[in-house]
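S.K.: First the structure, then my questions, so here it is.
The values are calculated or read from the model by the stated rules, or taken from the named source; none is laboratory data. Just so you know, these numbers come straight off a predicted model, no measurement behind them. Glycine also receives a Cβ, built like all others from the backbone with ideal geometry; neighbour counts cover every protein chain displayed. Areas reflect the complete protein model, heavy atoms only, side chains present, ligands, DNA and RNA absent. Shrake-Rupley method; radii C 1.70, N 1.55, O 1.52, S 1.80 Å.
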Amino acid sequence: SRDGFFAKGSGDPNYNGEGYIYMAIRRPHKPITTGTEFFETLTYNGTSADLTVSTTIAADAIIASRRGGGDHFMYDRVRGSYYYVRLNGSQAEAPQSTAITTIGNDFLKMGSGSTVNDNGGGGMLLHLFRRAPEGFDIVTYTGTGSSGLNIAHNLGVVPEMLWVKKRTETSGGDRFQIYHASQGNGKYA
């Protein structure tokens with residue numbers, strides 16, 4: 001709905017006591033005047049030492065990977081910059097104090113961690129997303145295990161895509177579950 005989504009049943013994405021993170025995405029109704037209003041892609045060479053990278057948006061969610069391939073990691077302001085989830089894995093979220101240490105309004109400070117600052121493998125690639133009404137939101141919630149749970153977002157419109165991942169691992173890790181409006185309710189990839 002325009003205010004949130006309904007987690008049906010007591011399984012994923014609604015295990016009792018489990019923490020989750022989800023992103024709600026929709027194309028805005030108004031034309032974007034610049035490509036960097038809601039999204040930015042950065043490439044740079046890692047140094048394996050403390051590094052500051054300039055941005056044109058205040059990033060709320062960051063997807064990081066090596067340009068030469070490998071794992072993809074998501075960081076965000078909601079959970080704090082030290083925490084990441086692996087996009088292409090089933091592990092629970094984990095802290096990494098050597099990765100993104102500060103998410104500023106026009107910069108990112110990084111430690112020597114290889115998930116964002118590896119000096120090998122062809123450099124680094126970051127996709128930055130900024131929260132915006134009718135465009136993008138990121139939310140955390142705790143499952144109840146009941147036969148349904150309404151989870152709010154701040155888009156103000158019905159999302160066209162949702163990414164949901166369990167943040168904890170007490171009942172087993174899970175991969176992202178992705179809903180898209182073109183597939184219809186009750187279906188996910």
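S.K.: Which residue is surrounded by the fewest Cβ atoms within 10 Å (Cβ to Cβ), if the candidates are limited to segment 154-189 and must be hydroxyl-bearing (Ser, Thr, Tyr), under 18 Å from the mean Cα position of the chain (by Cα) and assigned to a loop (DSSP other than H, G, I, E, B)?
M.R.: This residue is TYR188.
S.K.: Additional query: Any residue that is modelled with pLDDT of 90 or more and over 30 Å from SER147 (Cα atoms) - is there at least one of those in segment 18-32?
M.R.: Looking through segment 18-32, none of the residues is modelled with pLDDT of 90 or more and over 30 Å from SER147 (Cα atoms).
S.K.: Same structure, new question: Would you mind finding the one in SER1, SER54 that is open to solvent by 70 Å² or more (accessible area, probe 1.4 Å), modelled with pLDDT of 70 or more and over 14 Å from the mean Cα position of the chain (by Cα)?
M.R.: Criteria check complete, one pass: SER54.
S.K.: Looking at segment 50-82, which of its residues are assigned to a strand (DSSP E or B) and aromatic (Phe, Trp, Tyr)?
M.R.: Selection gives PHE73, TYR75.
S.K.: Also, I was wondering about something else. Mind telling me which of the residues ILE103, ILE151 ends up being surrounded by 20 or more Cβ atoms within 10 Å (Cβ to Cβ) and over 17 Å from GLU18 (Cα atoms)?
M.R.: ILE103
S.K.: Check whether at least one residue in segment 75-88 is in contact (Cβ under 8 Å) with a residue 12 or more places away in the chain, farther than 14 Å from THR140 by Cβ and exposed (fewer than 14 other Cβ atoms within 10 Å of the Cβ), and report yes or no.
M.R.: Yes, there is a match, as at least one residue in segment 75-88 is in contact (Cβ under 8 Å) with a residue 12 or more places away in the chain, farther than 14 Å from THR140 by Cβ and exposed (fewer than 14 other Cβ atoms within 10 Å of the Cβ).
S.K.: With the condition kept exactly as written, say whether any residue in segment 105-112 is touching a residue at least 12 places away in the same chain (Cβ under 8 Å), under 25 Å from GLU160 (Cβ atoms) and not acidic (Asp, Glu).
M.R.: Scanning segment 105-112 turns up no residue that is touching a residue at least 12 places away in the same chain (Cβ under 8 Å), under 25 Å from GLU160 (Cβ atoms) and not acidic (Asp, Glu).
S.K.: State all residues of segment 129-148 that are more than 30 Å from THR55 (Cα to Cα), outside any strand (DSSP E or B) and either open to solvent by 20 Å² or more (accessible area, probe 1.4 Å) or of a type in the set (Phe, Trp, Tyr) (or both); if no residue qualifies, say none.
M.R.: Matches in segment 129-148: THR144, GLY145, SER146, SER147.
S.K.: List the residue pairs whose Cβ atoms are under 6 Å apart, where the first residue sits in segment 44-68 and is under 26 Å from GLY135 (Cα atoms), the second is β-branched (Val, Ile, Thr) and in a loop (DSSP other than H, G, I, E, B), and the two are 6 or more positions apart or on different chains.
M.R.: THR56/THR36; ILE57/THR36
S.K.: Can you spot a residue in segment 116-128 that is assigned to a helix (DSSP H, G or I), open to solvent by less than 30 Å² (accessible area, probe 1.4 Å) and touching a residue at least 40 places away in the same chain (Cβ under 8 Å)?
M.R.: Yes, the conditions are met somewhere in segment 116-128.
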